[in-house]
Amino acid sequence: MSFSRVIATSALAAAVLGSGAVATSAQASTAPVSDAHIQVHFDLKTGQMPENVVLDRNGSVDVTLAGSHQVARVSRTGKVHVLATLPAPADSGAKTPLLGFPLATGLVRDGRTFYVAYATGSTETGIWKFTEGGKPRKIADLPDRGLPNGLVMNRRTGVLYVTDSALGTVRSVPTRGEKTGKVTVFSSGAALTSTGFFGVNGAKIRDQKLYVSNLDRGTVLSSPLTGSRAGTFRTVAKNLAGIDDFEFTGQGSQFLATLNPENKVVLVSGAGKHKTVLTEKDGLSNPTSVAVRGTTIYVPSAAYSTQKDPNLLVARLTR
C-alpha cells in the first residue's frame, strides 16, 4: 500500500477518516482493458479504505479495509460482508510510522484461513491469523517502528513474506511446523529502502521467485526463494514512480501495476515497457492493489489522499 506524501502525518490521516465520498466513473479504460465500472463504494467516514485484495470462491474477492482494520468479503454481486475486525491498539497514543494511524495492510487467503499484516506503532504490530467465523490472533511480532505492508505466501512451504515500507526490509514467517511464527529477515538491501517516504511495498511469488515493488524508487525487483542467491534482489522493471502493488496477468512476465499517487493502472510488458490502461476517469482514487481472475481485473482504491470515493473497480482484460 502507499499514500501521497501530503497525508504522511497523523493529523491529516485523521482527516481522511472523516471525509465524505463521491462516486465517479467515465469508462476511459484503454485496450486491452475495457468495461471498467465500480462494483462497490465504501464508506470513508468509518475508515473503509480497501487496501489489499485477494481472490475468494464463488466469484468473490476479499479486501483489507485499512482504517477500520477489517477484512471483508465482496460477493460478485457487490454485497459486502465483514469477516473479521482486528483489535484496536491498547496504546491509544501510539503512532504508526509514516502515517500516524493503525491500519490493516497485506492479506493472504489459504482456504478458510486468513493472514493479515497489521501496523499500529505498538505491540499489536505483526501478522494476524483467523479462520472464517473465528477470532483473529497474532502469530508473529514485527517491529513497532516498522510498517508491515505487502504480504504473500509460498504455497509450497507455507512461509509468508512481508515487506516493511518504513524499514526497507522483507521478512519471512513460517506458518507450518515448529518454527511457526518465527520471524527472520529475508533481505534488507539498499534496493528495498525508501528515498524519503515509502520503500518496499507490494509482494508476489511466481515460479519460486519473490517479486516486490518499491514505491519511491519506482521499481519491481525479484529474488530466488532458494539457493545461494535467495534474499538478493535484482531490478526487473523501473520507471514506475509511485507503484503500490502489482499482479501478473498470466501472459509471460506481463503484469498490471497500480500507480497510487497518479491514480493509474499500467500494463507492464516483459521488456519493461508500460502502458496506462485505467485512470481516475474510470473511477480510480489512489489505487492500492490489483487481482486478476481469468479476464477479470479487480482494483481497490483507498482514497488516502484524494479523500473521495474509496471503491472496488472491476474491468475486463482482453487476452
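We did not get these values from a lab; they are worked out from the coordinates using the rules stated. All figures in this text were calculated on a predicted structure; none of them were measured in a lab. Backbone-built Cβ (ideal geometry, glycine too); neighbour counts: all protein chains shown.
What the table below lists for this structure:
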item: Helix-only [θ]222 nm of the chain, DSSP H runs n ≥ 4, -39500 (n - 2.57) each, per residue, nearest 500; result: -500 deg cm²/dmol
item: GNM flexibility winner over the chain from THR85, THR195, THR96 (Cα, springs under 10 Å); result: THR195
item: Qualifying trypsin sites (Lys or Arg not before Pro) for region 249-295 [loop in DSSP, other Cβ within 10 Å: at most 12]; result: LYS273
item: Longest segment of the chain lacking GluC sites (Glu not before Pro) that sit in a DSSP loop with at most 16 other Cβ atoms within 10 Å; result: 179-319
item: The chain, relative contact order in percent, only Cα pairs under 8 angstrom and at least six apart counted; result: 19 percent
item: Pairwise centroid distance, computed over Cα atoms, of region 86-159 with region 275-312, Å; result: 23 Å
item: Tail weight of P(r) past 36 Å, computed on alpha-carbon pairs of the chain, percent; result: 8 percent
item: Cα-only radius of gyration and Dmax that characterise region 164-285, units Å; result: 15.0, 50
item: Gaussian network model of the chain, springs between alpha carbon atoms under 10 Å - residue of GLY67, GLY100, GLY59 with greatest fluctuation; result: GLY59
item: Region 205-261: C-alpha gyration tensor shape, a/c 1.5 cut-off, then a/b vs b/c; result: oblate
item: Whole-Hz ³J(HN,Hα) from phi, Karplus 6.51 cos²θ - 1.76 cosθ + 1.60, for region 35-47, glycine and proline x; result: 6, 6, 7, 8, 7, 9, 9, 9, 9, 5, 4, 9, x
item: Cα-based shape type of region 88-222, given that a ≥ b ≥ c are square roots of the gyration tensor eigenvalues and the cut on a/c is 1.5; result: oblate
